[in-house]
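Have a look at the structure below, then the notes.
The values are calculated or read from the model by the stated rules, or taken from the named source; none is laboratory data. Please read these numbers as outputs of a predicted model, since none were measured by experiment. We place every Cβ from the backbone using ideal geometry, glycine too, and count neighbours over all the protein chains shown. These area figures cover heavy atoms from the full protein model, side chains too; ligands, DNA and RNA do not enter into them. Shrake-Rupley method; radii C 1.70, N 1.55, O 1.52, S 1.80 Å.
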Amino acid sequence: PEWDQLPWEFQTRVRLRRKYAAILNATRSEFGDTPRGYSLFIDDLRNDDLRLVKAIPVRIDFWEGTYTAYNSDIEVFGTGETEPEALDDFRFAVADLYRFFESEGEENLGPLPLRQWRYLSAIVKKE
């Protein structure tokens, strides 16, 4: 579907995540990675009907009072005032993106969303 046909809530989430990604990338290019950044693996979406079939890497960064959880394979962010909040937001974003792509169907996805969907459909399964 065209951008203007997507649900308003989804458009808003994408805009906010893109804005935060731009800020994070500008910060990294100016200052390098934050000294408080690190990576970890999560193996659970904490979701009733979706589960991860394998652990995925998540980069955690802290900048100006906000934690960010990010996975570069699917280009998904989660943010929060604490690390657990950022991870919960990240898990929600992964599940939300999975459901959105699933509802659209592979044939309706462009190159980047199709790459994201193929990765998600390989690591996320319905219960």
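Annotations
- Percent accessible area from carbon and sulfur atoms, segment 62-103, protein chains only, probe 1.4 Å: 46
- Note on Asp4/Arg115: beta-carbon distance plugged into 1/(1 + (r/R0)^6) with R0 of 25 Å gives a FRET efficiency of 0.65.
- Simple label model, 7 Å out from Cα along Cβ direction - Glu104 to Ser72, nm: 2.3
- Cβ-derived FRET efficiency at R0 25 Å, Phe92 paired with Lys125, nearest 0.05: 0.90
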